[in-house]
Amino acid sequence: ADQVKKTVSNWARASEMWPITEIGNVVDGRLDLLLLPLGIKSPLFMGMGKVVGLSYSATDWTARCGLVGVEVKVERSDFLSGINSGQFERYAKDLCGLYIAGPPNVVKVKEVPANYGVLHVGNEYEQNHIVCRRHPKWKAQPPITGEKAWRVIWAMAKEIHRNRRKNDEHRAAFELRIREKAGRAIGKALESIEEDDL
């Protein structure tokens, strides 16, 4: 499931959406990923506006800036349980759209209700492969307010801190490798100078 979430997160970033992982109490349940448009040029944002019949003026953009969810299923029994138990309906009622993501042999397009999107992740050759088989049927949804809005804000802040920490660790490791390489190069140069002097 973690690999599927990572692949979907990369797809979302490439589509100018910000993925927030494992967020609870924004929808009725614990959603695997929440996608937020990063700007009005996001394909998700533009597509949502076209379907719900909105213009692209400054007054109606909030109706297209709602939340989009992704529920990940990596086991066939879990996917079927999600359909039969009404899990997807519970999640979708508070969202502008919901994607169901998973391997093609688990999440079968013909079994996913038509109002949900389908993301197939992985194939026999590559785990990071992702194909959007269908977008959800977008619906206008009022922006979240109150406690739910704060949960999203805090989740975004947490994600920013996590990314910053990861970048700092990567930069520190890179600088350490450069220092070690430079130190070895300087050491070799000094050794050759000493040998020449002898």
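Only the coordinates and a few stated rules stand behind these numbers; no lab work does. As the structure is a computational prediction, the values presented were derived from the model and not from experiment. We place every Cβ from the backbone using ideal geometry, glycine too, and count neighbours over all the protein chains shown.
Working ranking of peptides 152-160, 102-110, 69-77 by packing, defined as the average number of other Cβ atoms within 10 Å per residue, highest first, is 69-77, 102-110, 152-160.
Other residues whose C-beta falls under 14 angstrom from the C-beta of ILE186 contribute a net charge of +1, scoring Lys and Arg +1 and Asp and Glu -1.
When Lys and Arg each count +1 and Asp and Glu each count -1, what net charge do the other residues less than 13 Å away from ALA172, Cβ to Cβ, add up to? Kindly include the intermediate steps, with their values, before the conclusion.
Values: positive: ARG164, ARG165, LYS166, ARG171, ARG177, ARG179; negative: ASP168, GLU169, GLU175, GLU180.
Net local charge, ALA172 excluded: +2.
Grab the Cα-Cα distance for ALA140 and ARG13, subtract it from 0.36 nm times how many residues apart they are, and report the gain in nm with one decimal. The partial results should precede the final answer.
Numbers: separation 127, 0.36 × 127 = 45.72 nm, distance 2.26 nm.
Length gained between ALA140 and ARG13: 43.5 nm.
With 0.36 nm allotted per residue and the present C-alpha distance subtracted, the ARG177-ARG133 stretch has 11.6 nm of extension available. Which of HIS135, GLY183, GLY117 sits closest to the plus end of the dipole of region 108-189, meaning its Cα is farthest towards the positive end, when Lys and Arg get +1 and Asp and Glu get -1 on the C-beta? The Cα lying farthest towards the positive end belongs to GLY183. All distinct Cα pairs of region 89-198 go into the 1/r average, and the inverse of that average, the Kirkwood radius, is 19.4 Å.
For LYS108, the lysines whose Cα comes closer than 21 Å to its Cα, not counting residues fewer than 8 places off in the same chain, are LYS5, LYS6, LYS73, LYS137.
With a sphere of radius 10 Å drawn around the Cβ of VAL4, what net charge do the other residues whose Cβ falls strictly inside it have (Lys, Arg +1; Asp, Glu -1)?
On the way: positive: LYS5, LYS6, LYS73; negative: ASP2, ASP32.
Summing Lys and Arg as +1 and Asp and Glu as -1 gives +1.
Packing-based ranking of 172-185, 88-101 yields 88-101, 172-185, ordered from highest to lowest mean Cβ neighbour count within 10 Å. Rounded to the nearest 5, what % of DSSP beta bridges with both residues in region 80-198 are antiparallel? Expressed as a percentage, antiparallel bridges in region 80-198 total about 50.
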